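Quick note: the coordinates plus some simple rules give every number you see, no bench work behind them. Everything quoted here is computed from the prediction, not taken from an experiment. Positions of Cβ are backbone-derived with ideal geometry, glycine not excepted, and every protein chain shown enters the neighbour counts.
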Amino acid sequence: MQIALLYVVTAAIFLAADAVMLRAVMKPLFTKHLGDAVLDSPRLGAAVGFYLVYVAILLWFASWPALRDDMPVQALLNGALIGIVGYGTYEMTSYAVMRDWSLEQVAADLTWGTVLTAVSAWLGVVIVRALPFG
């Protein structure tokens with residue numbers, strides 16, 4: 001029960017924050033550099049698949065151990081590492097092989113992904129710990 005609650009809370013935080021950032025900052029930034037190569041709306045199947053798996057990995061390696069050991073800061077640190085690896089892989093590979101990929105995109109998305117992942121993991125643990133049934 002506790003791990004399911006942790007998944008739902010963490011996913012809600014991650015998705016809500018990412019939705020705002022994607023609309024307000026990332027889409028305009030990517031459109032600036034990639035032009036009409038950016039879709040008007042995302043391919044939802046791919047997005048849903050990413051989020052489901054990414055949050056599960058985040059729980060396995062960061063949030064669940066931190067909740068179990070009662071060390072929320074552990075979720076923040078391990079979440080940041082997962083964010084650097086996950087978003088770094090995407091950004092550095094894209095920059096390495098795509099002509100119009102920019103260092104501005106790399107810096108913005110890598111920073112955002114690291115912070116988003118770390119804070120989502122940490123806040124998920126903090127919230128679940130605070131709930132009477134958590």
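GNM remark for the chain: springs join alpha carbons under 10 Å apart, and the peak mean-square fluctuation among Ala16, Ala108, Ala80 falls on Ala16. This ranking places Leu39, Leu52 by how few other beta-carbon atoms lie within 10 Å of each, fewest first, which gives Leu39, Leu52.
Seen from Leu34, the other residues with C-beta closer than 14 Å to its C-beta sum to a net charge of -3, counting Lys and Arg as +1 and Asp and Glu as -1.
Our analysis of the stretch 38-90 gives Rg over Rh at 1.11, with the two radii drawn from alpha carbon positions and Rh computed by the Kirkwood formula.
Taking the chain as a Gaussian network of alpha-carbon nodes connected by springs under 10 Å, the highest mean-square fluctuation of the residues Ala11, Ala66, Ala47 belongs to Ala47.
Calculated mean residue ellipticity, 222 nm, the chain: -25500 deg cm²/dmol, from DSSP H runs (n ≥ 4) at -39500 (n - 2.57) each, averaged per residue and rounded to 500.
Mean Kyte-Doolittle hydropathy of 0.0 or higher plus an axial Cα length of 18 Å or more: which whole DSSP H helices in the chain meet both?
In the chain, the long hydrophobic H runs are 2-21, 44-58, 72-97, 103-130.
Which option, (1) 13, 45, 32, 10, 0; (2) 13, 41, 30, 13, 3, 0; (3) 11, 20, 12, 9, 8, 8, 7, 6, 6, 5, 5, 2, 0, is the value of P(r) over Cα pairs in 10 Å bins from 0, in percent that was calculated from these coordinates? Evaluating P(r) over Cα pairs in 10 Å bins from 0, in percent on these atoms matches (2). Please report the net charge: other residues with Cβ closer than 11 Å to the Cβ of Leu6, K and R +1, D and E -1. In short, +2.
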